[in-house]
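Following: one structure in structure tokens, then a few remarks.
The values are calculated or read from the model by the stated rules, or taken from the named source; none is laboratory data. Since we're looking at a predicted model, the values are computed, not measured. Neighbour counts are summed over all protein chains in view; Cβ atoms, including those assigned to glycine, are modelled from backbone coordinates with ideal geometry. Calculation scope for accessible area: heavy atoms of the full protein, side chains included, ligands and nucleic acids excluded. Shrake-Rupley method; radii C 1.70, N 1.55, O 1.52, S 1.80 Å.
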Amino acid sequence: DQATYLQSWMGTGVQQGIGEAWDRGAVVGGTSAGLTVLGQFIFAAYNDTVYSYEALEDPYNVYMTMEQGFLALPMLEGIITDSHFFDRDRMGRLVGFLARIHADGWATTVTGIGVDEATAVVVGPDGAGTVIGAGHVYVVVADHPPQTCMPGVPLEYDGLELTALSPGDVL
């Protein structure tokens with residue numbers, strides 16, 4: 001899981017090496033937890049996973065552990081990613097992550113990208129990403145803070161922009 005990557009690689013030569021490879025023009029990617037650690041913002045999973053209902057009931061619950069800046073890939077600045085999206089009903093937790101990023105003062109605009117199983121976004125040097133595979137990619141733009149995001153209180157977050165992309169679509 002992504003906690004293993006973060007705990008094993010953060011502050012090590014592996015983390016540095018991935019950044020150096022990117023700077024040389026290497027392709028960097030990941031599936032499942034490997035996808036989750038690519039964005040500027042990361043669901044760290046230090047206390048296991050979090051389910052959508054838990055994130056919505058209390059966006060500061062013990063499972064909502066987050067990090068930022070692990071790989072610092074310029075193309076993924078301002079982005080949090082999530083995998084196994086539709087099959088595991090992860091929209092609620094993605095909204096929780098977006099709310100936390102705003103509420104914690106990490107960003108004023110953040111984009112969440114949820115990727116289905118057997119699906120990928122291939123991003124070229126121009127920054128355009130093409131959806132490939134069998135599922136969809138969901139893009140949620142949060143350009144304003146949540147109405148309510150505090151410990152022990154259900155999340156309220158209206159006015160988010162959602163786009164669902166199919167194979168062949170470009171973002």
Take the stretch 56-107 and flag every residue that is over 18 Å from Pro151 (Cα atoms) and open to solvent by less than 30 Å² (accessible area, probe 1.4 Å). Phe70, Leu71, Leu73, Gly78, Ile79, Ile80, Thr81, Asp82, Ser83, Phe85, Arg90, Ala107
Could you list all residues from the stretch 133-145 that are more than 15 Å from Phe85 (Cβ to Cβ), touching a strand residue (DSSP E or B) at 6+ places or on another chain (Cβ under 9 Å) and open to solvent by 20 Å² or more (accessible area, probe 1.4 Å)? Val141, Asp143
Evaluate the following for Ile18: is it more than 22 Å from Asp104 (Cβ to Cβ), open to solvent by less than 70 Å² (accessible area, probe 1.4 Å), aliphatic (A, V, I, L, M) and touching a residue at least 12 places away in the same chain (Cβ under 8 Å)? yes
Check off (1) surrounded by fewer than 14 Cβ atoms within 10 Å (Cβ to Cβ); (2) free of Cβ contacts under 8 Å to residues at least 60 places away in the same chain; (3) farther than 26 Å from Val153 by Cα for Tyr53 and give me the number that stays unchecked. (3)
Of those in the stretch 138-164 that are in contact (Cβ under 8 Å) with a residue 40 or more places away in the chain and among the hydrophobic types (A, V, I, L, M, F, W, C), the residue nearest to Ser32 (Cα to Cα) is Val140
